[in-house]
Amino acid sequence: MEFYNKNSYSLDDIEYLINNEVEENIHLDYKATGALAKEDKKRSEITKDVSAFANSDGGIIVYGIAERDHRPQEISPIDGRIYTKEWLENVINLIQPRIEGLKIYPIRVDDLEKSIYIVQIPKSDNAPHMANNHCYYGRKNFQSLPLEDYEVKELYNRVSIPKLLIDNCTFYVEEENRDTITYHLAAAVKNNGKRECESYKLNFYINNAQYCDISYRTLEEKNAYTFLDYNRIKLSSCSHAPIYPTEQLDMGHFRIIVKKVHNELFFQNLIIEMMLFYTGGSENIAFIPLTKEFIVESEKITQILMERML
């Protein structure tokens, strides 16, 4: 996903897409030279495609690459003397309401006459956005398609529900004595939405539970733990204060006590899976303390957990 969040782009990025045949997807679209034109039909196409990304999960449109079967084939440059960055911005601004945070990155192949425009479109919290033909579109597979009535209504709810995410996980040695090691476990939960969230719950799932004891760091925390089986435990931390937009709160503060004789077995294969539940959504992420790696793909989390259970 790094390509979709860069602060600058170069011709190397374009060559990477072509050389590696990076296929169009829900977050990526290629447009050849003819996609930019001053006819009303073409301008409507631009607003349709851009608004579809904003109404969906965001992404990038590359104006200046020809594709075949959804794979990039070659550079098909835009004449930057005629279709300037400002011209493209003005067309995109025909979308109502305007899309906040949208960015356009010009790339010159040789000179201004041979240009490529990378349009970076965020997932909008101000959706739905209407194209200048008075229709609403969403990104589905490789296409920008009209939204159904229920889909438009769902988009209106984006701004009215909170959006929580797990921003970090802390797992470190808090205390060590002759026989045991005490680890501290907590996670940061952040509200990236535009509404406060009062009801939420964070579960930590720990394997190798047969090697440890659990206690709470403070009595004020609404914490609990449940043994799911011999070697897996669920640690639950519930909401104790509202999380306001852009605010971050630490949750958990569990103390995990491991006998030194078991510490290597406990730590080497440890995976901390976290599931966050809140009004309007959920999130699943895993943290591997040994490598300090975060995993967000659900299938990969399941695969790794299965491997640890073998």
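Just so it is clear, none of the values below were taken in a lab; they were calculated from the coordinates. Keep in mind that this is a model prediction, so the values were computed, not measured. Glycine also receives a Cβ, built like all others from the backbone with ideal geometry; neighbour counts cover every protein chain displayed.
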What percent does the relative contact order of the chain come to when contacts are Cα pairs within less than 8 Å and at least six residues apart? 14 percent
Whole-Hz Karplus couplings 3J(HN,Hα) for the range 183-197, θ = phi - 60° and coefficients 6.51, -1.76, 1.60, Gly and Pro as x, run 9, 9, 10, 7, 9, 9, 10, 10, 9, 9, x, 10, 9, 5, 10
Can you flag which of LYS123/LYS234; LYS48/LYS85; LYS234/LYS292; LYS6/LYS123; LYS6/LYS190; LYS38/LYS140 are past 24 Å Cα-Cα? LYS123/LYS234; LYS38/LYS140
Under 5 Å, built H, 5+ apart or other chain: amide partners of ASN168: ALA188
Residues VAL296, VAL152 in order from fewest to most other beta-carbon atoms within 10 Å are VAL296, VAL152
Just to confirm my numbers, what's the Cα centroid distance between the range 154-212 and the range 232-254 in Å? 6 Å
Share of Cα-Cα pairs in the range 167-310 beyond 27 Å, in percent? 20 percent
How big, on average over all directions, is the shadow cast by the Cα convex hull of the range 2-159, in nm²? 8.7 nm²
Which ³J(HN,Hα) values, rounded to whole Hz and listed in residue order, are derived for the range 238-254 from phi using the Karplus coefficients 6.51, -1.76 and 1.60 in 6.51 cos²θ - 1.76 cosθ + 1.60 with θ = phi - 60°, glycine and proline given as x? 9, 4, 10, 7, x, 10, 8, x, 6, 7, 10, 10, 8, 10, x, 6, 8
Karplus-derived 3J(HN,Hα), 6.51/-1.76/1.60, for each residue of the range 171-181, Hz, glycine and proline x: 9, 8, 6, 8, 7, 9, 10, 5, 10, 9, 10
When Lys and Arg each count +1 and Asp and Glu each count -1, what net charge do the other residues less than 15 Å away from GLN248, Cβ to Cβ, add up to? -3
Evaluated at 20 °C and 1.002 mPa s, the Stokes-Einstein D of the range 111-220 based on the Kirkwood radius over Cα pairs, in µm²/s, stands at 110 µm²/s
Filtering trypsin sites (Lys or Arg not before Pro) in the range 10-76 by DSSP loop and by at most 14 other Cβ atoms within 10 Å leaves LYS38
For the range 226-310, divide the Cα radius of gyration by the Kirkwood radius and give the resulting Rg/Rh value with two decimals. 0.98
Share of antiparallel DSSP beta bridges in the chain, in percent to the nearest 5? 95 percent
Per-selection Rg to Rh, the chain - Cα, Kirkwood hydrodynamic radius: 1.09
